[in-house]
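Structure first, then comments.
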Amino acid sequence: MVNNPLTSWLLGYEASRKRLLKKAPKGALRDFLSVPLPDLNTPINQLPILAVDFETTGLNAKEDKLLSIGFIEITQQQMALKSCFHQIIRTKRQLEESNVIIHHITDSQKDKGLNRKIVVEALLKALAGKVMLVHFARIEIQFLTQVCLKYYGMAPIFPVIDTLAIAKRQLDKRDVAYDPSELRLSNLRHKYQLPEHQAHNALSDAIATAELFMAQMSERNSDDSLRLKDIIL
């Protein structure tokens, strides 16, 4: 019997990945599932990471639509700028003015975007064998799950690191009340004296999240002892 919860987590994810691989249709999801997950004992500075951000028409993954996806790779705690990816997604839905004000994607821009499946396939290809890094993981997890269910009939299996969750754990340890706004990406970046960034652009937010994560890890990993198991969701 496996008593270690971390071992149970890895065996559960690996077993699910292998099970889904057998059923997955040929294509991007099958290719993604064919690559083993990173070991939980991998040091953070050796971990292959993909910082990801989605822009959407709303927060309901079952009803709202993906508008754009941005991502960038992190290798050995350094961003690989050549890996930068940003793509607007074509959708038939008319955008509301309130949405456009936030993400600055207009109807004419999204009408010229790529098919959603093509963009999701690019994400899955880049994500294979890596940990997904996000800020406020619920959005990316729910939207990626829904779109994979639609195209492949199954949801992906992937480990996730959430910079918001890392910050929340640190604040909770203080056992002192705090304003939830402290957990916003821009406010956390300000805490680490990181520069202002263009918010609500998928690539810009992915890069901003990557920079925040590296700052968080630099603060905690002075002895190079931090492992994936210490920060995984």
Highest-first arrangement of 177-187, 63-73, where packing means the average Cβ count within 10 Å: 63-73, 177-187
For peptides 119-130, 192-203, 23-34, 50-61, sequence by mean Cβ density within 10 Å, most packed first: 50-61, 119-130, 23-34, 192-203
Computed helical MRE - 222 nm, the chain, DSSP H runs ≥ 4 contributing -39500 (n - 2.57), nearest 500: -13500 deg cm²/dmol
Å² of accessible area per residue within the chain, as computed with a 1.4 Å probe and no ligands counted: 52
Proximal aspartates and glutamates to residue 22, defined as alpha-carbon separation beneath 20 angstrom and excluding residues fewer than eight positions away on the same chain: 14, 31, 121
For the chain: relative contact order, % (alpha-carbon pairs under 8 angstrom, 6 or more apart): 26
Of all accessible heavy-atom area on the chain, the percent that carbon and sulfur account for (1.4 Å): 51
log10 of Debye I(q)/I(0), alpha-carbon scatterers only, for the chain at 0.12, 0.15, 0.18 Å⁻¹: -0.69, -1.08, -1.47
For residue 49, residues with placed amide H under 5 Å, excluding near neighbours: 74, 131
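The values are calculated or read from the model by the stated rules, or taken from the named source; none is laboratory data. From a predicted model like this one, the values you see are computed outputs, not experimental measurements. Ideal geometry is used to build each Cβ from the backbone, glycine not excepted, and the neighbour counts take in all protein chains shown. Please note that ligands, DNA and RNA were not included when accessible areas were found on the heavy atoms of the full protein model with its side chains. Shrake-Rupley method; radii C 1.70, N 1.55, O 1.52, S 1.80 Å.
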